[in-house]
């Protein structure tokens with residue numbers, strides 16, 4: 001278990017030192033909010049970002065903390081390092097941080113499928129944090145995290161056999177550029193007569209498509225990620241591969257269609273889950289109502305079901321529209337929502353880090 005060296009360092013404080021790498025980014029900003037809201041298990045919290053951000057002061061735990069540049073020295077004395085950075089930055093710096101004795105919790109996609117790096121969701125497979133031969137623990141992608149807590153609870157009871165998912169992904173999943181693009185497009189289409197002929201929205205938006213292949217304002221775009229074999233996208237393959245690894249089901253049949261929608265924050269998914277035997281809605285609802293990290297919000301007759309507008313800014317996975325498949329007594333249909341910047345990114349990373357902190361104490 002590389003990275004567990006705190007006891008060998010004389011003069012250390014009783015509480016571990018945490019580094020937040022990428023503290024000035026979109027997820028890093030949410031991370032600082034979360035660290036201020038959760039139980040204080042940390043000693044020093046060191047904020048690390050690119051050299052151009054060095055010297056900025058950010059609030060964490062009610063105190064102004066100066067950002068330091070990402071260098072080798074930034075990891076001196078660090079016990080746990082949370083990385084909220086692009087893949088290429090994580091690929092270079094995460095192994096270096098681990099080599100200096102820190103346990104790395106990485107939120108990029110770089111190490112998720114590395115067989116020597118556990119992929120952890122604390123509500124589903126917390127035991128996996130201890131099996132980290134490279135000193136690195138990976139955080140799943142925000143789309144997977146938006147459903148996997150609820151799905152993991154159902155799998156533990158019923159045994160998952162097959163998964164069919166459609167995602168409705170918020171533009172913040174594409175970073176600050178995605179949010180800026182939607183806002184710009186909404187200003188361009190405002191007051192324009194649309195919806196009467198093909199290309200209305202595209203003509204209004206022009207070249208302002210940002211990180212998306214088509215306009216996302218007043219539209220849905222059935223694509224997220226980059227091309228993979230046989231017409232699949234990288235985002236779709238991530239959901240399949242990450243779900244298999246987290247649930248320890250390496251051959252689980254999974255089909256995913258990822259769709260981008262004009263929502264700022266909070267991913268939604270429709271889930272068709274088939275299990276080993278017959279399931280009942282009552283039992284499923286009982287499991288979901290008591291599962292850690294899940295809110296069951298499911299009374300369609302009263303207009304109660306989760307939507308991004310309800311869920312944004314909250315931590316749990318919200319589940320509604322729970323029903324048994326029409327033609328299959330072994331399958332359930334669900335609609336789930338999760339804030340992709342909180343549980344979908346920052347919160348899960350923080351929860352993993354807290355598991356490591358407890359281990360180090």
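Restricting to region 182-200, and then to whatever is in contact with a helix residue (DSSP H, G or I) (Cβ under 7 Å, 6 or more places away or on another chain) and part of a helix (DSSP H, G or I), can you tell me which residue is nearest to residue 26 (Cα to Cα)?
Narrowing region 182-200 to residues in contact with a helix residue (DSSP H, G or I) (Cβ under 7 Å, 6 or more places away or on another chain): 182, 185, 188-189, 192, 194.
Now restrict to residues that are part of a helix (DSSP H, G or I): 182, 185, 188-189.
Numbers: 182: 16, 185: 20, 188: 24, 189: 26 Å.
In this case the residue turns out to be 182.
Going by the conditions given, is residue 170 buried (at least 18 other Cβ atoms within 10 Å of the Cβ) and at pLDDT below 95? Reasoning before the result, please.
Numbers: buried (at least 18 other Cβ atoms within 10 Å of the Cβ): yes; at pLDDT below 95: no.
Answer is no for this residue.
Does region 233-254 contain any residue that is touching a helix residue (DSSP H, G or I) at 6+ places or on another chain (Cβ under 7 Å), closer than 28 Å to residue 194 by Cβ and assigned by TED's automatic domain parsing to the domain that holds residue 148?
Yes, region 233-254 contains a residue that is touching a helix residue (DSSP H, G or I) at 6+ places or on another chain (Cβ under 7 Å), closer than 28 Å to residue 194 by Cβ and assigned by TED's automatic domain parsing to the domain that holds residue 148.
Let me confirm something: among 166, 146, 172, which residue is under 24 Å from the mean Cα position of the chain (by Cα) and part of a strand (DSSP E or B)? Break it down stepwise before answering.
Values: 146 fails: part of a strand (DSSP E or B); 172 fails: part of a strand (DSSP E or B).
Among 166, 146, 172, only 166 is under 24 Å from the mean Cα position of the chain (by Cα) and part of a strand (DSSP E or B).
State all residues of region 175-193 that are over 30 Å from residue 107 (Cβ atoms) and surrounded by 15 or more Cβ atoms within 10 Å (Cβ to Cβ); if no residue qualifies, say none.
Passing the criteria: 188, 189.
When the residues of region 106-143 are filtered to those that are assigned to a strand (DSSP E or B) and under 15 Å from the mean Cα position of the chain (by Cα), which remaining residue is surrounded by the fewest Cβ atoms within 10 Å (Cβ to Cβ)?
Kept after step one, since they are assigned to a strand (DSSP E or B), are these residues of region 106-143: 106, 119, 136-138.
In the following step, the residues that additionally are under 15 Å from the mean Cα position of the chain (by Cα) were identified as 106, 119, 137-138.
Details: 106: 28, 119: 23, 137: 27, 138: 29.
Among those residues, the one meeting the criterion is 119.
Within region 310-327, can you find the residues that are over 22 Å from residue 350 (Cα atoms) and either touching a helix residue (DSSP H, G or I) at 6+ places or on another chain (Cβ under 9 Å) or touching a residue at least 24 places away in the same chain (Cβ under 8 Å) (or both)?
From region 310-327, those over 22 Å from residue 350 (Cα atoms) are 310, 319-327; that's our starting set.
Those that are over 22 Å from residue 350 (Cα atoms) and either touching a helix residue (DSSP H, G or I) at 6+ places or on another chain (Cβ under 9 Å) or touching a residue at least 24 places away in the same chain (Cβ under 8 Å) (or both): 310, 319, 320, 321, 322, 323, 324, 325.
Within region 201-228, how many residues are part of a helix (DSSP H, G or I) and either at pLDDT 95 or above or surrounded by 18 or more Cβ atoms within 10 Å (Cβ to Cβ) (or both)?
Selection size over region 201-228: 3.
Would you mind finding the one in 85, 149, 117, 89 that is out of contact with any helix residue (DSSP H, G or I) (no Cβ under 7 Å at 6 or more places or on another chain) and outside the structural domain of residue 16 (by TED's automatic domain parsing)?
Details: 85 fails: outside the structural domain of residue 16 (by TED's automatic domain parsing); 117 fails: outside the structural domain of residue 16 (by TED's automatic domain parsing); 89 fails: outside the structural domain of residue 16 (by TED's automatic domain parsing).
None of the other options fit; the residue is 149.
Among the strands (runs of 3 or more DSSP E) contained in region 5-105, which hold 1 or more residues that are surrounded by fewer than 22 Cβ atoms within 10 Å (Cβ to Cβ)? Steps first, please.
Working: elements: 18-21, 45-49, 57-60, 63-66, 80-83.
It comes to 45-49, 57-60, 63-66.
The values are calculated or read from the model by the stated rules, or taken from the named source; none is laboratory data. Please read all numbers here as calculations on a predicted model, not as lab measurements. No Cβ is skipped: glycine too gets one built from the backbone with ideal geometry, and neighbour counts run over all protein chains shown.
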